[in-house]
Amino acid sequence: MSRIGRLPIPIPSGVTVTIADGNLVTVKGPKGTLSRKLSPDMTIAQEDGAVIVTRPNDLKRFKSLHGLTRTLINNMVVGVTDGYVKRLDIIGTGYRAAKSGNKLTLNLGYSHPVEMQDPDGVESTLDGTNKIIISGIDKEKVGQYAANIREKRPPEPYKGKGVKYENEYIRRKAGKAGKK
């Protein structure tokens, strides 16, 4: 059996999980509501304060879907209770970010500023001019928006300039060797 898939998902107090026909799972909590249609092959049941996912048999496809389905539901439960946060650092001389309304403006060494709109359900805030904090209840949207921002100027290996995740390690390369 899938080691992740067989774990029950505990439902904290203040969170309600409803499972409709066709495996449409809706999770309501203090931070908001998330809804997702999951694979109809999996059996999702709610038993004594926990959600349990089971699969019909041991085919490879069902084994893969088992762990995925359980993790997606768990991410929804964690999202509506705690939420998700990604932190980005902007490194480089003259590189900075500014925020006005729900528009994020990045100066990343290009001849023009890069403007990005916050997606629905995701909020970006600034900590100074070189730290961006992205938060929301949907893990997928938060991670994708952070990746889109990082993609505008990924960190380069020589000086480390660019946009990087807070805990990301940049492998550095030596520059040109001098003449002897």
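The values are calculated or read from the model by the stated rules, or taken from the named source; none is laboratory data. Quick caveat, the model's predicted, so the values are computed rather than measured. All Cβ positions, glycine included, derive from the backbone under ideal geometry; neighbour counts span all protein chains shown. When the accessible area is computed, the model is the full protein with side chains, heavy atoms only, and any ligands, DNA or RNA have been set aside. Shrake-Rupley method; radii C 1.70, N 1.55, O 1.52, S 1.80 Å.
When THR18, THR93, THR26 are checked against the criterion of being under 20 Å from ILE149 (Cβ atoms), of a type outside the set (Asp, Glu) and either open to solvent by 20 Å² or more (accessible area, probe 1.4 Å) or touching a residue at least 12 places away in the same chain (Cβ under 8 Å) (or both), THR93 stands alone in meeting it. Does SER13 satisfy being open to solvent by 50 Å² or more (accessible area, probe 1.4 Å), within 25 Å of GLY136 (Cα to Cα) and either part of a loop (DSSP other than H, G, I, E, B) or at pLDDT 95 or above (or both)? The answer is yes for SER13.
The rows are residues; the columns are (1) out of contact with any strand residue (DSSP E or B) (no Cβ under 7 Å at 6 or more places or on another chain); (2) modelled with pLDDT of 95 or more.
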{"position": "ASN75", "(1), (2)": "yes, yes"}
{"position": "VAL85", "(1), (2)": "no, yes"}
{"position": "ILE90", "(1), (2)": "no, yes"}
{"position": "THR93", "(1), (2)": "yes, no"}
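For SER111, the criteria (1) assigned to a helix (DSSP H, G or I); (2) hydroxyl-bearing (Ser, Thr, Tyr); (3) loosely packed, with under 12 Cβ neighbours inside 10 Å hold in every case but one, which is (1). None of LEU65, LEU88 is surrounded by 17 or more Cβ atoms within 10 Å (Cβ to Cβ) and free of Cβ contacts under 8 Å to residues at least 40 places away in the same chain except LEU65. Yes or no: region 163-172 includes at least one residue that is out of contact with any Pro (no Cβ under 9 Å at 6 or more places or on another chain), more than 30 Å from MET76 (Cβ to Cβ) and among the polar types (S, T, N, Q). No. Restricted to region 122-180, and to residues that are under 15 Å from the mean Cα position of the chain (by Cα) and small (Gly, Ala, Ser), which residue is farthest from THR33 (Cα to Cα)? Taking the candidates together, the pick is ALA147. For region 68-85, give me each residue that is crowded, with 17+ Cβ neighbours inside 10 Å and in a strand (DSSP E or B). Within region 68-85, TYR84 is the sole residue that qualifies. Counting the residues of region 91-102 that are over 24 Å from ILE137 (Cα atoms) and assigned to a strand (DSSP E or B) gives 2.
Cβ-Cβ under 8 Å, sequence separation 6+ or interchain: first residue in region 42-58 and assigned to a loop (DSSP other than H, G, I, E, B), partner among the charged types (D, E, K, R). Which pairs? Listed pairs, sorted by first residue: MET42/ARG55; ARG55/ASP41; ARG55/LYS63; PRO56/ASP41. The set of residues from region 132-170 being open to solvent by 40 Å² or more (accessible area, probe 1.4 Å) and assigned to a helix (DSSP H, G or I) comprises LYS139, GLU140, LYS141, GLN144, ASN148, ARG150, GLU151.
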